[in-house]
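The values are calculated or read from the model by the stated rules, or taken from the named source; none is laboratory data. Remember, it's a predicted structure, so these values are computed and weren't measured experimentally. When we count neighbours, we look across all protein chains shown, and the Cβ atoms used for this are built from the backbone with ideal geometry, even at glycine.
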Amino acid sequence: MFGDRHLIVVDLGFGDAGKGATVDWLCSPEAGLDVAAVVRFNGGAQAAHNVVADGRHHTFRQFGSGTLSRVPTLLSRHMLVEPLALATEARALARLGIADPLSLLYVDERALLTTPIHGAANRCREDLRGASRHGSCGIGIGETASYALGHDAPRVADCRRPDVLRRKLIALEEHYRPLLDAGAHRYDRIDDLVEVYAEFARAVAILPGDQLTGFAENGRLVFEGAQGVLLDEWRGLHPHTTWSTVEPRNARAMLTGIGAPAYVLGVTRSYLTRHGAGPFPTEDRGLSIPERHNGIGTYQGEFRLGHLDPILLRYAVDACGGIDGLAVNHLDALGEIRTATGYLTEDGYVDRLDCGPWQDLGHQQRLTDLLDAATPALHELPANVPAYLEAELGVPVVLTANGPERADRTIHIPATA
């Protein structure tokens, strides 16, 4: 079905659709896909990819979700790497029986470092926004990306150069001094950070570039996305977005660089969710679907539930430049779910959203304003949800899940495969 193509897994919603569980299955012996490495191509330590397999549960944040099958992880230059959180995650994986997890980790030296200074600044900024919070995770992802636009930012390579790293951390601290002094959030001393980051550099394999060709020579690559396309920095619903390119543009470019073909696998639940602030047309506070692994976040806010929304999913597919296949999760939670066929808006009835030009935040803001005031036209959900989504999105469903476990997944072979 996938042929010899490398896989790019991307969430078509606001996140939390089951990317981690999908990647775990793709990397498992059950799938038989001979995966050489999981490549993280966006985001950072704010990811929360839940995997339940063989009686074990882990929330993957920076390690690739193939780790339970001992598939190595490559953190690409597009990742924002947080070494302290990586160490914590490695210890958690070791407790689950993964021997020496850090030996499975490879890091591009060009990747930006997210530090406790970024995190403290992020939380201070969100505190100052009050009721107008953007829905940040409070880890410092946006601060990491924005600071790097105009400054000599700390990168993974600097972990092997203590003097350079110290200089960059001092400059980072001074840049954020007014914001930090106005807040109540503290962080580690710079000398302590330099020491811990030096230990990190000794513990993991830091690579001079992507080196995808070497990994690809050993098997298939699975690119694991983070967040969801509706949160993309240029395609999401501004300003409630992430400082990260979520759609598969960067992953495709990395594969083009090695002359390798890509298969883009879009992931959705059978309904929609959103963690934090922002427009959510089909939200229904009366829905009572149990959520085992997502709750209220200190900075993100509540975990919100809504009905299936093919209009937003079609928009996400368009924002991706098209996808090749669809994975549909949570088919065991359909009892209360309906589907949107369009929206009643100030502009009239709308059943399709235009992506507009890439990097046009004005267009994205207008979409946000439109959806903030939209009322969905909800109808009964057809009994065969995969077939319904195939018809609505024009994409074959190739993987479904009727529960959270790896064993709950079923592969589907399209008739044209």
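Do we find a residue being outside any helix (DSSP H, G or I), in contact (Cβ under 8 Å) with a residue 60 or more places away in the chain, crowded, with 20+ Cβ neighbours inside 10 Å and acidic (D, E) anywhere in the stretch 240-247?
Among the residues of the stretch 240-247, at least one is outside any helix (DSSP H, G or I), in contact (Cβ under 8 Å) with a residue 60 or more places away in the chain, crowded, with 20+ Cβ neighbours inside 10 Å and acidic (D, E), which makes the answer yes.
Restricting the first residue to the stretch 81-99 and requiring it to be free of Cβ contacts under 8 Å to residues at least 60 places away in the same chain, which pairs with a second residue that is exposed (fewer than 14 other Cβ atoms within 10 Å of the Cβ) meet a Cβ separation below 8 Å and a spacing of at least six or different chains?
Correct list of pairs: A94/D100; I98/R70.
Within the group A316, A340, which residue is assigned to a strand (DSSP E or B) and at pLDDT 95 or above?
A340
Exactly one of (1) among the acidic types (D, E); (2) modelled with pLDDT under 95; (3) under 30 Å from Q364 (Cα atoms) is unmet by E224. Its number?
All conditions are met except number (2).
Which of the residues spanning the stretch 37-56 are in contact with an Asp or Glu (Cβ under 8 Å, 6 or more places away or on another chain) and closer than 18 Å to L255 by Cα?
If the condition is that a residue be in contact with an Asp or Glu (Cβ under 8 Å, 6 or more places away or on another chain) and closer than 18 Å to L255 by Cα, then V38, V39, R40, F41 are the ones that fit.
If I filter the stretch 255-274 down to residues being touching an Asp or Glu at 6+ places or on another chain (Cβ under 6 Å) and either part of a loop (DSSP other than H, G, I, E, B) or not β-branched (V, I, T) (or both), which single residue comes out as nearest to V10 (Cα to Cα)?
Out of the qualifying residues, it is Y263.
Out of all the residues in the stretch 363-388, which are under 24 Å from G236 (Cβ atoms), without any contact (Cβ under 8 Å) to a residue 12 or more places away in the chain and not charged (D, E, K, R)?
H363
Within the bounds of the stretch 287-306, is there any residue that is at pLDDT 95 or above, under 20 Å from Y388 (Cα atoms) and more than 18 Å from the chain's Cα centre (by Cα)?
The answer is yes; a qualifying residue exists.
Pick from the stretch 210-239 the residues that are small (G, A, S) and not in a loop (DSSP other than H, G, I, E, B): which of them is surrounded by the fewest Cβ atoms within 10 Å (Cβ to Cβ)?
If we take residues in the stretch 210-239 being small (G, A, S) and not in a loop (DSSP other than H, G, I, E, B), then G214 is surrounded by the fewest Cβ atoms within 10 Å (Cβ to Cβ).
Quick check on the stretch 376-390. Is at least one of its residues at pLDDT 95 or above, under 16 Å from P310 (Cα atoms), buried (at least 16 other Cβ atoms within 10 Å of the Cβ) and of a type in the set (D, E, K, R)?
Yes: the stretch 376-390 contains one or more residues that are at pLDDT 95 or above, under 16 Å from P310 (Cα atoms), buried (at least 16 other Cβ atoms within 10 Å of the Cβ) and of a type in the set (D, E, K, R).
Hey, could you check the stretch 24-69 for residues that are part of a loop (DSSP other than H, G, I, E, B), among the polar types (S, T, N, Q) and closer than 24 Å to H275 by Cα and say which is modelled with the lowest pLDDT?
Q46
Being in the same structural domain as L326 (by TED's automatic domain parsing) and touching a helix residue (DSSP H, G or I) at 6+ places or on another chain (Cβ under 6 Å) is the requirement here; does F14 meet it?
yes
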